[in-house]
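Below: the structure, in structure tokens.
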Amino acid sequence: VSREAIGVSRVPRSRGRLEDIGLPLRSTVWPACGRVKRDTRLCRRGWGTWPNTMSRKGLDGTMEIGVGALALAGVMQAIGLWLFPTNVLALFVPEVIFFFGIGFVLPNAVAAALSPFPERAGAASSLAGFVQMLFSAAIGIIVVSQIKDSAWPLVFITLTTGVLAFVS
């Protein structure tokens, strides 16, 4: 999308390290309280770490955080592309927030799907993974077939899935 629709002509080559994308992700984003941010007040209280969020909020509360991030990302991406149609960050930043939300929703959804069938956890996990990949492939095919010179099909899918997850 970014090369064709927005006009980014060169994609930097990566050597497989997180520092190659221009952000010190290893220490500031994941884990949230990495080496650089360890002394902040929020990290001392345990905010931003997955086990503490899960123990405080539970399965449903953690999924609510993720679903809120999905909806926020969809709205941000639509507004960003509408206001800044040639800016790569209008697509990239909301997608990062969307994937952050997926990180909260997907593991908990799989855990919820497996909990009624503890004796058949392997089969239930396989079925959940199959359904996830099936819908991902179908949506990917739809988006790729619709993208011509605009990123709006991607934004439409991000907005629709985020808002539908939030409403349901």
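Each reported figure results from applying straightforward, stated rules to the coordinates on display, with no laboratory input. Remember, predicted model here, so these are calculated numbers, not experimental data. With ideal geometry, Cβ positions are generated from the backbone for all residues, glycine too; neighbour counts draw on all protein chains shown.
What to note about this one:
- Put simply, when 85-94, 142-151 are sorted by average Cβ atoms within 10 angstrom per residue, most first, you get 85-94, 142-151.
- Per-residue ³J(HN,Hα) for segment 144-151, Karplus 6.51 cos²θ - 1.76 cosθ + 1.60, θ = phi - 60°, Hz, x for Gly and Pro: 5, 6, 9, 6, 10, 9, 9, 9
- Using alpha carbons only, the radius of gyration of segment 50-168 set against its Kirkwood radius gives Rg/Rh = 1.04.
- Computed 3J(HN,Hα) for segment 112-123, one whole-Hz value per residue from the Karplus formula 6.51 cos²θ - 1.76 cosθ + 1.60 where θ = phi - 60°, is 5, 5, 7, 4, x, 10, x, 7, 10, 4, x, 5, glycine and proline marked x.
- Each residue of segment 103-111 was assigned a 3J(HN,Hα) from its phi angle through the Karplus expression (A = 6.51, B = -1.76, C = 1.60, θ = phi - 60°), giving x, 8, 7, 4, x, 6, 5, 5, 4 Hz with x at Gly and Pro.
- Peptides 61-67, 127-133 ordered by average Cβ neighbours within 10 Å, highest first: 61-67, 127-133
- A prolate overall shape is assigned to segment 51-107, the ratio a/c of its alpha-carbon gyration tensor axes (a ≥ b ≥ c) being 1.5 or greater and a/b exceeding b/c.
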